[in-house]
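Q: Please read through the structure below; I'll follow up with questions.
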Amino acid sequence: WGRQHDLVTLEQVAFNRSAAEITSIGGYAGGATNPPSGHLCYYNAKNDSIYSDLGSAEVVQIEVPEMRLDAVFRTYFRSFVQIDTHIWAREDEFDVGPGYRAVLGFPGGIGNAAVMAELRKENVHNMTFRAGHGSDADTFGTNTIFILDSMTHPFFQAELCLQFHNNQTG
């Protein structure tokens, strides 16, 4: 959920958005199929619709003006830490598994030439972009980011108790 904190800060500072205008919402996306129940959940006592069991990852949805993609991607890449020579990964190294993989989603996914061009410009860590197919593997230690088509891999908002906090170590 550290990415949500970073993006909320970006919205407030760079986009001059008030608290009421914030669009960064924590949630889940990236499963190979949409959940049968129509919702996804964090780990719970009933083991009901757990996002990672259904192939999704923790994500943040944000509304971005097209001319500000650079700022969002710059913020995203700043969230990675170097773990080895030429290898960058999420800072929460203790969260393991595909539910924590590096993933970006936008309409058209890797086929969206305009968004991919902006993404490549901000790729300061020379990370590899791969088309995501849903329920993809963990990316920790691979210097890889899966790119999903947000039209086929929709966003599901996380529980309210998981919104707007930063529990990262950095």
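The values are calculated or read from the model by the stated rules, or taken from the named source; none is laboratory data. Just so you know, these numbers come straight off a predicted model, no measurement behind them. In this analysis, Cβ positions are derived from the backbone assuming ideal geometry, glycine residues included, and neighbour counts consider all displayed protein chains. In case anyone asks, the SASA skips ligands and DNA or RNA and just uses the protein heavy atoms, side chains included. Shrake-Rupley method; radii C 1.70, N 1.55, O 1.52, S 1.80 Å.
Q: Can you work out the accessible area per residue across the chain, with the rest of the protein chains kept in place, probe 1.4 Å, in square angstrom?
A: 53
Q: How far is the Cα center of region 1-52 from the Cα center of region 129-148, in Å?
A: 18
Q: Moving to a separate point now. Please state, rounded to one decimal and in Å, the Kirkwood hydrodynamic radius that region 16-64 gives when every pair of distinct Cα atoms enters the mean of 1/r.
A: Its Kirkwood hydrodynamic radius stands at 12.1 Å.
Q: Amide H of residue 148: which non-local residues (sequence gap of 5 or more, or other chain) have their own amide H closer than 5 Å, using H built in the peptide plane?
A: Sorted by chain and number, the residues that satisfy this are 104, 105, 106, 132.
Q: Also, quick follow-up: How much length is gained on full extension from residue 123 to residue 14, taking 0.36 nm per residue of separation minus their Cα-Cα distance?
A: The span from residue 123 to residue 14 would gain 37.3 nm if fully extended.
Q: Given [x] 43, 38, 33; [y] 44, 40, 37; [z] 56, 36, 23, which label gives Cα extents along the principal axes in Å as computed from the coordinates?
A: [x]
Q: Order of 67-74, 6-13, 84-91 by packing, highest average Cβ count within 10 Å first?
A: Top of the packing list down: 6-13, 67-74, 84-91.
Q: May I ask what percent, to the nearest 5, of DSSP beta bridges between residues of the chain are antiparallel?
A: 55
Q: Quick one: with all protein chains in place, what share of the accessible area of the chain is carbon or sulfur, to the nearest percent (1.4 Å probe)? Please list the in-between numbers first.
A: On the way: 4820 of 8980 Å².
Summing carbon and sulfur atoms, their accessible area is 54 percent of the total for the chain.
Q: For residue 30, what charge total do you get from the other residues with a beta carbon under 9 Å from its beta carbon, if Lys and Arg give +1 and Asp and Glu give -1?
A: Spelling it out: positives minus negatives among the neighbours equals 0.
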